[in-house]
1. Return the residues of the stretch 151-168 that are in contact (Cβ under 8 Å) with a residue 12 or more places away in the chain, open to solvent by 10 Å² or more (accessible area, probe 1.4 Å) and not polar (S, T, N, Q); say none if nothing qualifies.
2. On the given criteria, is Met309 open to solvent by less than 20 Å² (accessible area, probe 1.4 Å) and either in a helix (DSSP H, G or I) or farther than 23 Å from Gln182 by Cα (or both)?
3. Could you list all residues from the stretch 312-349 that are open to solvent by 70 Å² or more (accessible area, probe 1.4 Å), assigned to a helix (DSSP H, G or I) and of a type in the set (S, T, N, Q)?
4. In the stretch 182-195, what count of residues is obtained for those that are farther than 15 Å from Phe152 by Cα, touching a residue at least 24 places away in the same chain (Cβ under 8 Å) and buried (at least 17 other Cβ atoms within 10 Å of the Cβ)?
5. Listed residues Ala90, Ala60; which is modelled with pLDDT under 85 and among the aliphatic types (A, V, I, L, M)?
6. Taking Ala172, is it in contact with a helix residue (DSSP H, G or I) (Cβ under 7 Å, 6 or more places away or on another chain), open to solvent by 60 Å² or more (accessible area, probe 1.4 Å) and at pLDDT 95 or above?
7. Residues being free of Cβ contacts under 8 Å to residues at least 24 places away in the same chain and among the aromatic types (Phe, Trp, Tyr): count how many of those fall in the stretch 208-220.
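The values are calculated or read from the model by the stated rules, or taken from the named source; none is laboratory data. Computed from a prediction, not measured in an experiment: that's the story for all the values here. Positions of Cβ are generated from backbone atoms using ideal geometry, with glycine treated the same way; all protein chains shown enter the neighbour counts. These accessible areas exclude ligands, DNA and RNA; they are computed on the full protein's heavy atoms, side chains included. Shrake-Rupley method; radii C 1.70, N 1.55, O 1.52, S 1.80 Å.
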Amino acid sequence: MATRNSTKKAAHAVVNARADYVLGLLGGVANTPPQPSKEAMQYYAREAAEGNPDAQYRLAKLLVEGQVLSTNNRAALKWLKKAVEKEHAASQHLLGQMYLNGRGVTRDLDRAMELFRQAAISGYAEAEYDLGCALMDGAQGRKDPYQALRWFRLAGAQGHIASQYRVGYALAHGEGCEVDLQQAATWLRKASINNEPRAQYEFALLFVRPDYPKHNEEEAMRWMKLSAKAGYAPAQYELAMFYQNGVGTLASYDEAFRWAWRAASQEEHKALLLLANLFRFGAGVERNLLAAYALTSYLSQKDSDASIMALLEALERQLTANDRASAQKLLSGVKSARELLDTVKNPAN
């Protein structure tokens, strides 16, 4: 009995270590993913062999988390199928994800959706969310935003944060429903106070919508900054625009440049365009037409938007042939916006 209890404790320690790992990632700490101990694996393997569906699920989850080995995926598949036979909702969901991504099995979207639906009917929030995403995005070739919203609502009512965000987004933009900004605010607030950066971004935008009765630029600024600090690139760009235009704060080109730089480092196209303009006019940074031209040229290879092409033409008229050649030299070998920005050098550092 003592040995059995010790291995059970080891198994629970793995679960707790993984929880600490996830919390560390949320806090910006990139630790090495925890690996299950031999004792924990033995405990779950023994319990799984005895027909315990929860142990079969946990063993399968340990086998596939952070692993790419086909042997691990195949072993996980075996245990999940056994648990699914017992209508174990978490196993139905995980097996559905494996079919969706082709891990250890041939990719089968129809089978994945069937498994998600089975788990969702049982009230498993993660499956309700994945089923909602598949229906909203049209994973089977046909979108069904009305049904997607239904599943998001069910998961959100259980406290599933990402689902709460999706409900709020749908209500704010009229996806699968009529626009209802009051209800959108209720759902977005729920997700926002639980540190969902996408929800904080949408919640912030709600406060600057002219049709939202609780228009409040200071609140918009507060939530946008939280989302931007969490690393969400669209929020970083929008925060830069808030600072440039003095929305909910005193206007500051220095802050606009700083946040645009962060967003541009993540390939946010609008932020790259904003940075190019800031360099062009020397707003928040020393004027640098070569940097502006290099950024715009890079962006024109990714996006043919009219505003980008117009800026590129304007800069070409301002630069000599030698200047343009120098800018193209900056671009040579550059594979990402981050590499280009490192080449340009960040004056804000």
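1. Of the residues in the stretch 151-168, the ones in contact (Cβ under 8 Å) with a residue 12 or more places away in the chain are 151-156, 158-168.
Imposing the further condition that a residue be open to solvent by 10 Å² or more (accessible area, probe 1.4 Å) reduces the set to 151, 153-154, 158-162, 164-166.
Scanning the stretch 151-168 gives Trp151, Arg153, Leu154, Gly159, His160, Ile161, Ala162, Tyr165, Arg166.
2. Working: open to solvent by less than 20 Å² (accessible area, probe 1.4 Å): no; either in a helix (DSSP H, G or I) or farther than 23 Å from Gln182 by Cα (or both): yes.
Judged against the criteria, Met309 is not a match.
3. Gln318, Asn322, Gln328, listed by residue number.
4. Residues flagged as farther than 15 Å from Phe152 by Cα, touching a residue at least 24 places away in the same chain (Cβ under 8 Å) and buried (at least 17 other Cβ atoms within 10 Å of the Cβ) within the stretch 182-195 amount to 2.
5. Working: Ala90 fails: modelled with pLDDT under 85.
Answer to the selection: Ala60.
6. Working: in contact with a helix residue (DSSP H, G or I) (Cβ under 7 Å, 6 or more places away or on another chain): yes; open to solvent by 60 Å² or more (accessible area, probe 1.4 Å): no; at pLDDT 95 or above: yes.
The answer is no for Ala172.
7. Selection size over the stretch 208-220: 0.
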